[in-house]
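Q: Let me begin by handing over the structure; questions about it come next.
The values are calculated or read from the model by the stated rules, or taken from the named source; none is laboratory data. Everything numeric here is computed off the predicted structure, so don't read it as measured data. Surface accessibility is based on the protein's heavy atoms, side chains included, excluding ligands, DNA and RNA. Shrake-Rupley method; radii C 1.70, N 1.55, O 1.52, S 1.80 Å.
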Amino acid sequence: MRLPPSNRDYLGILCIDIQKIFIGIKKQDMTMNKIFLACSVTALAAALAACGGGEIIDPPGSSSSSSSSSSSSSSSSSSSSSSSSSSSSSGGSAFSVLSASFDANGSLPAEFSCEGKAVGSGITPELYWADAPDETQSYAITFKDLTLIDEGENPTQGYHWVIWNIPESVTTLPSGLSPEQYPEEILGAEQKSGLSSSPYQYYGPCPSYNFCADGERNEHNYSFTVYALGEESIEQDGSVEDLDEYLSSVALAKTEVRVNSDAAPSCEGSSSSSSSSSSSSSSSSSSSSSSSSSSSSSSSSSSSSSSSSSSSSSSSSSSSSSSSSGSSLDGAALYQANCAGCHGALASSAKKGRTAAQIRAGMSWFPAVAALTDAELEAIAAALK
(Lines give C-alpha, C1' and ligand atoms only; values in the text may rest on other atoms or scores of the structure.)
Protein backbone atom coordinates (compact mmCIF):
# COMPACT_ATOMS: atom_id res chain seq x y z
CA MET A 1 0.00 0.00 0.00
CA ARG A 2 1.35 3.41 -0.92
CA LEU A 3 1.76 5.80 1.98
CA PRO A 4 1.49 9.56 1.60
CA PRO A 5 4.85 11.34 1.82
CA SER A 6 5.65 13.15 4.98
CA ASN A 7 8.38 15.44 6.22
CA ARG A 8 10.14 12.41 7.62
CA ASP A 9 10.14 10.78 4.15
CA TYR A 10 11.88 13.82 2.68
CA LEU A 11 14.39 13.70 5.47
CA GLY A 12 15.14 10.06 4.59
CA ILE A 13 15.65 10.97 0.90
CA LEU A 14 17.94 13.80 1.89
CA CYS A 15 20.07 11.42 3.95
CA ILE A 16 20.40 9.06 0.99
CA ASP A 17 21.44 11.91 -1.28
CA ILE A 18 24.06 12.97 1.21
CA GLN A 19 25.35 9.39 1.26
CA LYS A 20 25.69 9.42 -2.54
CA ILE A 21 27.59 12.67 -2.45
CA PHE A 22 30.08 11.31 0.03
CA ILE A 23 30.46 8.07 -1.91
CA GLY A 24 31.01 10.06 -5.06
CA ILE A 25 33.92 12.00 -3.62
CA LYS A 26 35.25 8.78 -2.03
CA LYS A 27 35.66 10.30 1.42
CA GLN A 28 36.01 7.64 4.10
CA ASP A 29 35.74 9.96 7.02
CA MET A 30 34.30 8.23 10.08
CA THR A 31 32.40 11.35 11.00
CA MET A 32 30.44 11.12 7.78
CA ASN A 33 29.60 7.49 8.47
CA LYS A 34 28.16 8.51 11.81
CA ILE A 35 26.05 11.15 10.14
CA PHE A 36 24.85 8.53 7.66
CA LEU A 37 23.93 6.15 10.48
CA ALA A 38 22.00 8.86 12.32
CA CYS A 39 20.09 9.76 9.14
CA SER A 40 19.23 6.13 8.48
CA VAL A 41 17.84 5.61 11.99
CA THR A 42 15.77 8.78 11.69
CA ALA A 43 14.36 7.66 8.35
CA LEU A 44 13.46 4.23 9.75
CA ALA A 45 11.64 5.83 12.67
CA ALA A 46 9.72 8.06 10.29
CA ALA A 47 8.62 5.06 8.22
CA LEU A 48 7.40 3.17 11.24
CA ALA A 49 5.51 6.21 12.48
CA ALA A 50 3.86 6.60 9.07
CA CYS A 51 2.64 2.98 9.17
CA GLY A 52 1.04 3.67 12.53
CA GLY A 53 -0.78 6.78 11.32
CA GLY A 54 1.80 9.05 12.90
CA GLU A 55 0.92 7.96 16.43
CA ILE A 56 2.91 5.99 18.92
CA ILE A 57 0.94 2.89 19.87
CA ASP A 58 1.39 1.33 23.26
CA PRO A 59 2.03 -2.42 23.39
CA PRO A 60 -1.12 -4.53 23.76
CA GLY A 61 -2.24 -4.78 27.38
CA SER A 62 -0.06 -1.94 28.62
CA SER A 63 -3.12 0.27 29.27
CA SER A 64 -5.01 -2.46 31.10
CA SER A 65 -1.81 -3.32 32.88
CA SER A 66 -1.50 0.27 33.98
CA SER A 67 -5.16 0.31 34.96
CA SER A 68 -4.72 -3.03 36.69
CA SER A 69 -1.69 -1.69 38.48
CA SER A 70 -3.67 1.35 39.56
CA SER A 71 -6.56 -0.85 40.62
CA SER A 72 -4.16 -3.14 42.43
CA SER A 73 -2.67 -0.15 44.19
CA SER A 74 -6.15 1.06 45.14
CA SER A 75 -7.10 -2.44 46.26
CA SER A 76 -3.92 -2.67 48.26
CA SER A 77 -4.72 0.64 49.89
CA SER A 78 -8.27 -0.51 50.63
CA SER A 79 -6.95 -3.81 51.96
CA SER A 80 -4.51 -1.93 54.15
CA SER A 81 -7.34 0.22 55.50
CA SER A 82 -9.49 -2.86 56.10
CA SER A 83 -6.61 -4.59 57.80
CA SER A 84 -6.09 -1.58 60.02
CA SER A 85 -9.77 -1.56 60.98
CA SER A 86 -9.71 -5.30 61.59
CA SER A 87 -6.57 -5.00 63.65
CA SER A 88 -8.16 -2.28 65.72
CA SER A 89 -11.30 -4.38 66.12
CA SER A 90 -9.42 -7.52 67.05
CA GLY A 91 -7.34 -5.57 69.50
CA GLY A 92 -10.50 -4.36 71.24
CA SER A 93 -12.22 -7.75 71.25
CA ALA A 94 -9.47 -9.69 73.01
CA PHE A 95 -11.58 -9.38 76.16
CA SER A 96 -14.32 -11.99 75.65
CA VAL A 97 -17.23 -13.71 77.37
CA LEU A 98 -18.94 -17.05 76.71
CA SER A 99 -21.66 -19.10 78.36
CA ALA A 100 -21.83 -22.74 79.31
CA SER A 101 -25.63 -22.45 79.49
CA PHE A 102 -26.46 -21.32 75.94
CA ASP A 103 -24.98 -20.79 72.49
CA ALA A 104 -24.05 -17.26 71.46
CA ASN A 105 -26.86 -15.78 69.32
CA GLY A 106 -28.93 -18.89 70.00
CA SER A 107 -32.05 -19.37 72.12
CA LEU A 108 -32.00 -18.99 75.89
CA PRO A 109 -33.20 -22.19 77.63
CA ALA A 110 -36.44 -21.96 79.63
CA GLU A 111 -34.85 -22.19 83.09
CA PHE A 112 -33.15 -18.82 82.58
CA SER A 113 -36.39 -17.03 81.64
CA CYS A 114 -40.01 -16.68 82.76
CA GLU A 115 -41.11 -19.53 80.47
CA GLY A 116 -43.96 -21.36 82.20
CA LYS A 117 -43.48 -19.29 85.35
CA ALA A 118 -44.28 -15.82 86.67
CA VAL A 119 -42.91 -12.66 85.07
CA GLY A 120 -39.44 -11.94 86.45
CA SER A 121 -38.67 -15.59 87.15
CA GLY A 122 -35.60 -17.47 85.98
CA ILE A 123 -32.08 -18.12 87.21
CA THR A 124 -28.76 -16.70 86.07
CA PRO A 125 -27.00 -18.66 83.32
CA GLU A 126 -23.34 -19.56 83.76
CA LEU A 127 -20.93 -17.07 82.21
CA TYR A 128 -17.15 -17.00 82.06
CA TRP A 129 -14.81 -14.36 80.67
CA ALA A 130 -11.10 -13.94 79.96
CA ASP A 131 -8.33 -11.66 78.64
CA ALA A 132 -9.37 -8.49 80.45
CA PRO A 133 -6.92 -5.55 80.46
CA ASP A 134 -3.98 -5.86 82.89
CA GLU A 135 -5.21 -2.83 84.86
CA THR A 136 -8.53 -4.51 85.72
CA GLN A 137 -9.44 -4.36 89.42
CA SER A 138 -13.05 -5.59 89.33
CA TYR A 139 -15.90 -6.58 87.00
CA ALA A 140 -19.58 -5.80 86.52
CA ILE A 141 -22.27 -7.51 84.42
CA THR A 142 -25.53 -6.16 83.03
CA PHE A 143 -28.41 -8.01 81.40
CA LYS A 144 -30.43 -6.01 78.88
CA ASP A 145 -33.29 -6.44 76.42
CA LEU A 146 -31.77 -4.82 73.33
CA THR A 147 -35.01 -5.03 71.38
CA LEU A 148 -36.89 -2.95 73.96
CA ILE A 149 -34.02 -0.50 74.35
CA ASP A 150 -33.69 0.03 70.60
CA GLU A 151 -37.32 -0.22 69.51
CA GLY A 152 -39.59 -0.07 72.57
CA GLU A 153 -41.78 2.84 73.57
CA ASN A 154 -40.18 2.83 77.01
CA PRO A 155 -36.49 1.83 76.72
CA THR A 156 -36.09 1.82 80.52
CA GLN A 157 -38.00 -1.45 80.60
CA GLY A 158 -35.12 -3.08 78.73
CA TYR A 159 -32.66 -2.86 81.65
CA HIS A 160 -33.19 -6.08 83.59
CA TRP A 161 -30.36 -6.72 86.00
CA VAL A 162 -26.88 -5.68 87.08
CA ILE A 163 -24.19 -7.03 89.40
CA TRP A 164 -21.01 -5.11 90.21
CA ASN A 165 -17.95 -5.13 92.49
CA ILE A 166 -17.07 -8.63 91.29
CA PRO A 167 -13.46 -9.22 92.45
CA GLU A 168 -10.76 -9.28 89.77
CA SER A 169 -9.93 -12.86 90.75
CA VAL A 170 -13.46 -14.03 89.83
CA THR A 171 -14.06 -14.71 86.14
CA THR A 172 -17.24 -16.79 86.35
CA LEU A 173 -20.89 -16.04 87.05
CA PRO A 174 -22.47 -19.18 88.54
CA SER A 175 -25.77 -20.56 87.36
CA GLY A 176 -28.60 -19.95 89.82
CA LEU A 177 -27.08 -17.01 91.71
CA SER A 178 -28.90 -16.42 95.01
CA PRO A 179 -31.36 -13.46 95.01
CA GLU A 180 -29.79 -11.52 97.92
CA GLN A 181 -28.46 -8.00 97.52
CA TYR A 182 -24.98 -9.33 98.37
CA PRO A 183 -24.92 -12.88 96.95
CA GLU A 184 -22.82 -15.27 99.02
CA GLU A 185 -21.47 -17.00 95.89
CA ILE A 186 -19.46 -13.87 94.96
CA LEU A 187 -18.17 -12.19 98.10
CA GLY A 188 -18.13 -8.42 97.83
CA ALA A 189 -20.46 -8.23 94.84
CA GLU A 190 -23.78 -6.38 94.86
CA GLN A 191 -26.73 -6.89 92.54
CA LYS A 192 -29.90 -5.03 91.59
CA SER A 193 -32.99 -5.96 89.57
CA GLY A 194 -35.20 -3.89 87.31
CA LEU A 195 -38.20 -5.70 88.81
CA SER A 196 -39.62 -3.67 91.69
CA SER A 197 -41.25 -6.67 93.37
CA SER A 198 -37.90 -8.51 93.60
CA PRO A 199 -35.27 -5.73 93.80
CA TYR A 200 -32.20 -8.00 93.99
CA GLN A 201 -33.18 -11.05 91.99
CA TYR A 202 -31.96 -11.80 88.47
CA TYR A 203 -34.77 -10.62 86.19
CA GLY A 204 -35.16 -13.24 83.47
CA PRO A 205 -36.56 -12.36 80.03
CA CYS A 206 -40.30 -12.45 79.40
CA PRO A 207 -40.92 -10.75 76.04
CA SER A 208 -44.23 -12.59 75.49
CA TYR A 209 -45.64 -11.33 78.82
CA ASN A 210 -49.09 -10.82 77.28
CA PHE A 211 -49.22 -14.33 75.84
CA CYS A 212 -52.09 -15.41 78.11
CA ALA A 213 -54.23 -12.57 76.76
CA ASP A 214 -53.37 -12.53 73.06
CA GLY A 215 -51.68 -15.90 72.47
CA GLU A 216 -48.78 -14.27 70.61
CA ARG A 217 -45.08 -14.86 71.14
CA ASN A 218 -42.51 -12.13 70.56
CA GLU A 219 -38.80 -12.86 70.27
CA HIS A 220 -36.35 -10.31 71.67
CA ASN A 221 -32.57 -10.06 71.53
CA TYR A 222 -30.70 -9.85 74.84
CA SER A 223 -27.17 -9.03 75.91
CA PHE A 224 -25.03 -10.11 78.84
CA THR A 225 -22.34 -7.41 78.97
CA VAL A 226 -19.22 -7.76 81.12
CA TYR A 227 -17.32 -4.61 82.08
CA ALA A 228 -13.66 -4.55 83.18
CA LEU A 229 -13.16 -1.74 85.70
CA GLY A 230 -10.08 0.01 86.99
CA GLU A 231 -11.42 0.27 90.56
CA GLU A 232 -11.81 -2.45 93.18
CA SER A 233 -15.28 -1.19 94.11
CA ILE A 234 -17.73 1.50 93.11
CA GLU A 235 -20.50 3.16 95.11
CA GLN A 236 -23.65 3.60 93.07
CA ASP A 237 -27.29 3.84 94.08
CA GLY A 238 -29.23 4.35 90.87
CA SER A 239 -31.44 2.21 88.68
CA VAL A 240 -30.15 -0.62 86.51
CA GLU A 241 -30.19 1.81 83.58
CA ASP A 242 -28.20 4.40 85.56
CA LEU A 243 -25.62 1.80 86.53
CA ASP A 244 -25.26 0.53 82.99
CA GLU A 245 -24.70 4.06 81.73
CA TYR A 246 -22.10 4.71 84.43
CA LEU A 247 -20.28 1.43 83.80
CA SER A 248 -20.10 2.15 80.08
CA SER A 249 -18.51 5.52 80.79
CA VAL A 250 -15.76 4.28 83.17
CA ALA A 251 -14.99 0.77 81.92
CA LEU A 252 -11.48 -0.09 80.74
CA ALA A 253 -13.07 -2.54 78.32
CA LYS A 254 -16.34 -4.37 77.80
CA THR A 255 -17.50 -7.47 75.99
CA GLU A 256 -20.88 -9.10 75.44
CA VAL A 257 -22.59 -12.32 74.44
CA ARG A 258 -26.05 -12.12 72.89
CA VAL A 259 -28.95 -14.53 73.05
CA ASN A 260 -32.62 -14.63 71.99
CA SER A 261 -35.80 -15.47 73.88
CA ASP A 262 -39.55 -15.54 73.24
CA ALA A 263 -40.41 -16.69 76.78
CA ALA A 264 -43.99 -16.44 78.00
CA PRO A 265 -45.39 -16.79 81.54
CA SER A 266 -47.62 -19.63 82.65
CA CYS A 267 -51.33 -19.28 81.89
CA GLU A 268 -52.48 -22.38 83.75
CA GLY A 269 -50.43 -22.09 86.89
CA SER A 270 -52.75 -19.53 88.42
CA SER A 271 -55.89 -21.65 88.29
CA SER A 272 -54.13 -24.86 89.31
CA SER A 273 -52.32 -22.96 92.02
CA SER A 274 -55.62 -21.57 93.24
CA SER A 275 -57.18 -25.00 93.13
CA SER A 276 -54.22 -26.55 94.91
CA SER A 277 -54.19 -23.85 97.53
CA SER A 278 -57.91 -24.20 98.06
CA SER A 279 -57.61 -27.98 98.23
CA SER A 280 -54.75 -27.76 100.68
CA SER A 281 -56.65 -25.31 102.83
CA SER A 282 -59.74 -27.48 102.70
CA SER A 283 -57.75 -30.58 103.59
CA SER A 284 -56.08 -28.83 106.49
CA SER A 285 -59.37 -27.47 107.72
CA SER A 286 -60.99 -30.89 107.40
CA SER A 287 -58.15 -32.55 109.29
CA SER A 288 -58.15 -30.05 112.11
CA SER A 289 -61.91 -30.20 112.62
CA SER A 290 -62.53 -33.94 112.15
CA SER A 291 -63.00 -34.55 115.89
CA SER A 292 -65.71 -31.93 116.19
CA SER A 293 -67.44 -32.54 112.87
CA SER A 294 -70.31 -34.57 114.35
CA SER A 295 -71.26 -31.99 116.95
CA SER A 296 -70.79 -29.26 114.39
CA SER A 297 -73.10 -30.94 111.93
CA SER A 298 -76.06 -30.94 114.29
CA SER A 299 -75.44 -27.33 115.16
CA SER A 300 -75.10 -26.52 111.48
CA SER A 301 -78.28 -28.34 110.74
CA SER A 302 -80.24 -26.49 113.39
CA SER A 303 -79.05 -23.10 112.21
CA SER A 304 -79.23 -23.63 108.45
CA SER A 305 -82.44 -21.66 108.05
CA SER A 306 -81.01 -18.82 110.11
CA SER A 307 -77.79 -18.90 108.10
CA SER A 308 -79.74 -18.95 104.89
CA SER A 309 -81.75 -15.94 105.88
CA SER A 310 -78.59 -14.16 107.06
CA SER A 311 -76.90 -14.97 103.77
CA SER A 312 -79.89 -13.67 101.89
CA SER A 313 -79.84 -10.50 103.96
CA SER A 314 -76.08 -10.09 103.39
CA SER A 315 -76.50 -10.65 99.68
CA SER A 316 -79.23 -8.07 99.44
CA SER A 317 -77.17 -5.67 101.54
CA SER A 318 -74.16 -6.22 99.26
CA SER A 319 -76.31 -5.71 96.21
CA SER A 320 -77.73 -2.54 97.72
CA SER A 321 -74.21 -1.30 98.54
CA SER A 322 -73.01 -2.08 95.03
CA SER A 323 -75.98 -0.35 93.56
CA SER A 324 -75.54 2.72 95.72
CA SER A 325 -71.85 2.98 94.76
CA GLY A 326 -72.83 2.76 91.12
CA SER A 327 -70.14 0.08 90.49
CA SER A 328 -70.54 -3.51 89.34
CA LEU A 329 -66.81 -4.23 88.85
CA ASP A 330 -65.58 -7.64 89.98
CA GLY A 331 -62.08 -7.08 91.40
CA ALA A 332 -61.37 -10.81 91.70
CA ALA A 333 -62.25 -11.40 88.06
CA LEU A 334 -60.15 -8.42 86.96
CA TYR A 335 -57.20 -9.72 88.96
CA GLN A 336 -57.61 -13.19 87.48
CA ALA A 337 -57.69 -11.81 83.94
CA ASN A 338 -54.83 -9.35 84.23
CA CYS A 339 -52.58 -10.34 87.13
CA ALA A 340 -52.91 -14.03 88.01
CA GLY A 341 -50.71 -15.17 85.13
CA CYS A 342 -47.76 -13.38 86.69
CA HIS A 343 -48.53 -13.20 90.40
CA GLY A 344 -50.48 -16.39 91.03
CA ALA A 345 -53.89 -16.99 92.55
CA LEU A 346 -55.65 -14.17 94.38
CA ALA A 347 -55.69 -16.08 97.67
CA SER A 348 -51.90 -16.47 97.71
CA SER A 349 -50.85 -13.38 95.74
CA ALA A 350 -47.69 -11.59 96.84
CA LYS A 351 -49.48 -8.34 96.00
CA LYS A 352 -51.84 -8.58 98.96
CA GLY A 353 -52.46 -5.22 100.58
CA ARG A 354 -51.40 -3.15 97.55
CA THR A 355 -53.34 0.03 96.88
CA ALA A 356 -54.56 1.07 93.45
CA ALA A 357 -51.84 3.72 93.28
CA GLN A 358 -49.13 1.18 94.15
CA ILE A 359 -50.42 -1.23 91.52
CA ARG A 360 -50.46 1.56 88.93
CA ALA A 361 -46.92 2.67 89.77
CA GLY A 362 -45.44 -0.82 89.98
CA MET A 363 -47.08 -2.24 86.85
CA SER A 364 -47.13 0.76 84.50
CA TRP A 365 -44.78 -1.16 82.16
CA PHE A 366 -47.35 -3.95 81.70
CA PRO A 367 -49.78 -2.94 78.88
CA ALA A 368 -52.75 -4.89 80.24
CA VAL A 369 -52.51 -3.21 83.65
CA ALA A 370 -51.55 0.21 82.26
CA ALA A 371 -54.78 0.16 80.24
CA LEU A 372 -57.00 -0.41 83.30
CA THR A 373 -59.09 2.50 84.59
CA ASP A 374 -58.73 3.87 88.10
CA ALA A 375 -62.04 2.27 89.03
CA GLU A 376 -60.85 -1.14 87.82
CA LEU A 377 -57.61 -0.80 89.79
CA GLU A 378 -59.61 0.18 92.87
CA ALA A 379 -61.67 -2.98 92.42
CA ILE A 380 -58.51 -5.12 92.17
CA ALA A 381 -57.03 -3.41 95.23
CA ALA A 382 -60.24 -4.12 97.16
CA ALA A 383 -60.03 -7.80 96.17
CA LEU A 384 -56.42 -7.92 97.37
CA LYS A 385 -57.29 -6.66 100.89
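Q: In the structure displayed, which of K144/K352; K192/K352; K117/K351; K144/K351; K117/K385; K192/K385 lie more than 21 Å apart, Cα to Cα?
A: Over 21 Å apart, Cα to Cα: K144/K352; K192/K352; K144/K351; K117/K385; K192/K385.
Q: Share of region 129-188's accessible area from carbon and sulfur, percent, 1.4 Å?
A: With neighbouring chains kept in place, the figure for region 129-188 is 43 percent.
Q: At 1.4 Å probe size, put C206, C267 in order of accessible surface, largest to smallest.
A: Final ranking, largest accessible area leading: C267, C206.
Q: Roughly how many Å² of S107 are accessible to a 1.4 Å probe, to the nearest 10?
A: Surface accessible to solvent at S107 totals approximately 80 Å².
Q: When ligands, DNA and RNA are left out and all protein chains stay put, how many square angstrom of accessible area per residue does region 177-260 have with a 1.4 Å probe?
A: Per-residue value: 49 Å².
Q: Taking a probe of 1.4 angstrom, what is the accessible area of L252 in Å², to the nearest 10?
A: Here the residue's solvent-accessible area equals roughly 80 Å².
Q: A further question on this structure: Just to verify a number: what accessible area does D214 come out at with the full protein assembly present, 1.4 Å probe, Å² rounded to tens?
A: 70
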